Amino acid sequence: MHKQNNFTLTMYIYFCWKNAQEVRNQNTNRNSHNVIDTWKKPSPGRFKCNVDASFPTTLNKVCFGPCIRDAEGNFVIARTAWTTPLLDVDMGEAMGLLAALQWVKVLNMVHMDFETDSKVVADSIYGNEGVSDFMTIINDCRHLLSTDLVNSDVKFIRRQANGVAHSLTTPH
């Protein structure tokens with residue numbers, strides 16, 4: 001019974017990803033005269049992990065959704081997770097990145113480009129110092145990047161290019 005539930009969840013995640021790709025392609029075709037940000041494939045031999053978080057106040061939780069794709073842009077694996085209680089946006093986005101980094105470490109996928117649509121989180125990974133709960137999470141991320149994921153990096157992308165991860169975090 002457990003394997004069947006994992007298969008069902010995997011298929012659900014795949015169909016969410018596929019649907020997000022179709023919506024993205026429709027929006028790209030419709031807005032061909034406007035400049036929009038789009039998802040780009042990682043370099044050969046690398047993977048890309050898009051990460052997002054959502055904050056459904058009615059559920060009093062933060063939902064995380066990392067999605068991994070290969071150098072050809074093909075879906076590899078994705079997952080969803082959540083935590084309670086509801087956190088502020090910066091803290092929730094940082095927790096989502098930390099959860100993705102820990103997951104990728106367990107998967108032993110060390111050549112990973114992480115992308116988040118939280119500029120505060122991405123900038124904090126390589127910049128800001130300080131003492132706060134937020135910086136504790138960022139420091140945990142930095143530690144993983146400097147010890148177990150040394151061939152990985154974190155970049156900021158616009159929300160338009162992070163649609164798949166965003167769709168994973170949206171409660172249905």
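Just so you know, all these numbers are worked out from the coordinates, no wet-lab data involved. Note that the coordinates shown come from a computational prediction; the quantities given were computed from them, not determined experimentally. Note that each Cβ is placed from the backbone with ideal geometry, even for glycine, and that neighbours are counted across all protein chains shown.
Residues whose amide H falls under 5 Å from that of Ile157, counting only those 5 or more places apart or on a different chain, are Thr116, Asp117, Ser118, with hydrogens built in the peptide plane. Look at Cys63, Cys49 and count the other Cβ atoms within 10 Å of each Cβ; fewest to most, that gives Cys63, Cys49. Derived scalar couplings between HN and Hα for the stretch 111-125 equal 9, 10, 9, 8, 10, 10, 8, 9, 5, 4, 5, 4, 5, 5, 4 Hz in order, rounded to whole Hz, by the Karplus curve 6.51 cos²θ - 1.76 cosθ + 1.60 (θ = phi - 60°), x for Gly and Pro. Potential lengthening of the chain between Asp148 and Phe75 amounts to 23.9 nm, from the contour at 0.36 nm per residue minus the alpha-carbon distance.
For the stretch 72-138, GluC sites (Glu not before Pro) meeting the loop criterion (DSSP other than H, G, I, E, B) and having at most 16 other Cβ atoms within 10 Å: Glu72, Glu129.
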